[in-house]
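The values are calculated or read from the model by the stated rules, or taken from the named source; none is laboratory data. A quick note: this is a predicted structure, and the numbers were derived from the prediction, not measured. Don't worry about glycine lacking a Cβ; one is built from the backbone with ideal geometry, like all the others, and counts go over all protein chains shown. For accessibility, only protein heavy atoms count, side chains too; no ligands or nucleic acids. Shrake-Rupley method; radii C 1.70, N 1.55, O 1.52, S 1.80 Å.
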Amino acid sequence: MPRILTALQPSGILHIGNLFGAIEPMVKLQVDDNENLLFIVDYHAITVPQEPAELRRNILFATATYLAAGIDPEKTILFQQSRVSEHTELAWILNCLVHMGELERMTQYKDKARGKGESVSVGLFDYPVLMAADILLYDTNVVPVGEDQKQHVELARDLAERFNSRFGETFVVPQPQIRKEGARIMGLDDPEKKMSKSASSEKNYISLMDDEKAVLKKIKAAVTDSGSTISYEQTRPGLANLLTIYSLVTGKPTDQIVNEYEGEGYGDFKVGLAGAVSAYLAPIQEKINGYLQDEPKLLAILETGAARAQAIAAKKMELVRQKIGVKL
Ligand code: ATP
Ligand code: LTN
């Protein structure tokens, strides 16, 4: 059975870009012939400063969101990275194999370290090694990620091969599975850039917890163009993005939506879209709130997930210790 693994950072705001681009694809991968692992990378999150009470809330919120979006903890091993200490243990061993130059070349590190000078944390630099440990511990075959994470998965592949050639066959060499561009939702206020929670304005994104009023306000303010008819064209990126969202929340193809709005202007289209987005989010929001009100249940799900993950990870670590010669 192919083992499929991915992870998400527990960030405060999750937006519809995260839902359509990352969470829902993972829900679709929950088929009987796959073994899935999905975890919340809290130790990756602390590579930049986090307020402890907020981090705790965000871990619970992320868990509630995955469950509400359809992650089934029976089918997917859902857990919190920090609960399986083998991740950091393997990261240390891989640290002794990785080269400074390999980490210095990482684009995400270069982007995030820019402007921080000498005060950038070692954790931020070492982030890809912890991610390699996340992947290699579980003999992962496939790692679904966004384009930005491809370089990190390639490092995991290099480290698996390096370890195997030095100490003998130990790790499976994982394959990245890069999501298609179509799964990229663009910012409402700037359709040239992806929707992002770190955007400077809240008008950039629709948060999964936005109420009807907020959704309508943000969609009404969304950047379109000076045209007046509804059509799907790459030269009209704002409108194309809104049509993509409309299609995702209704399941209708974009040309059908275009036909439905023939002869109508942006105003009616935006009101229709806002209604469809809110209708799509309402049951998810209700479920998220339900889970958040039952914290013991969330904790129990994470506990079970951690135990299942650890059973796999502990076995792998035993083998690793044996291979490198520290197991007596
Ligand atoms: P930031 O922009 O602040 O880095 P983000 O909102 O892009 O944050 P991430 O935490 O980097 O979110 O990404 C979480 C997951 O959601 C990743 O798998 C990423 O590829 C996906 N994702 C993020 N933004 C979008 C988007 N606009 N469209 C589709 N998928 C997205
Ligand atoms: N760096 C990834 C999150 C991440 C991950 C992983 C993804 C951490 N460990 C292992 C896949 C497999 C991100 O920021 N999206």
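Would you tally the residues in segment 139-190 being free of Cβ contacts under 8 Å to residues at least 24 places away in the same chain, within 14 Å of ligand 2 (Cβ to nearest atom) and open to solvent by less than 50 Å² (accessible area, probe 1.4 Å)?
Final tally of qualifying residues: 1.
Among the helices (runs of 4 or more DSSP H) lying completely within segment 1-84, list those that include at least 3 residues that are over 13 Å from the mean Cα position of the chain (by Cα) and within 15 Å of ligand 1 (Cβ to nearest atom).
Fully inside segment 1-84 and qualifying: 52-69.
Which residues, taken from segment 304-328, are touching a residue at least 40 places away in the same chain (Cβ under 8 Å) and not small (Gly, Ala, Ser)?
If the condition is that a residue be touching a residue at least 40 places away in the same chain (Cβ under 8 Å) and not small (Gly, Ala, Ser), then Thr304, Arg308, Gln310, Ile312, Lys316, Met317, Leu319, Val320, Lys323, Ile324 are the ones that fit.
Matching residues to (1) closer than 21 Å to Val277 by Cα; (2) in a strand (DSSP E or B); (3) modelled with pLDDT under 95:
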{"site": "Gln149", "(1), (2), (3)": "no, no, yes"}
{"site": "Arg157", "(1), (2), (3)": "no, no, no"}
{"site": "Phe171", "(1), (2), (3)": "no, no, no"}
{"site": "Leu188", "(1), (2), (3)": "yes, no, no"}
{"site": "Ala199", "(1), (2), (3)": "yes, no, yes"}
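Which of the numbered conditions does Tyr109 fail, given that it passes all the others? Conditions: (1) away from ligand 1 (no atom under 16 Å from the Cβ); (2) without any contact (Cβ under 8 Å) to a residue 40 or more places away in the chain; (3) farther than 26 Å from Glu169 by Cα.
(1)
Could you list, ordered by first residue, the pairs with Cβ atoms under 8 Å in which the first is in segment 9-38 and closer than 18 Å to Leu208 by Cβ and open to solvent by 40 Å² or more (accessible area, probe 1.4 Å) and the second is more than 15 Å from ligand 2 (Cβ to nearest atom) and among the polar types (S, T, N, Q), at least 6 apart or interchain?
From segment 9-38, the pairs are Ile13/Ser207.
What number of residues within segment 311-328 are under 13 Å from Arg83 (Cβ atoms) and surrounded by fewer than 18 Cβ atoms within 10 Å (Cβ to Cβ)?
Counting residues in segment 311-328 that are under 13 Å from Arg83 (Cβ atoms) and surrounded by fewer than 18 Cβ atoms within 10 Å (Cβ to Cβ) gives 2.
Please go through segment 217-229 and pick out each residue that is farther than 18 Å from Val277 by Cα and either at pLDDT 95 or above or of a type in the set (Val, Ile, Thr) (or both).
Correct list: Thr229 only.
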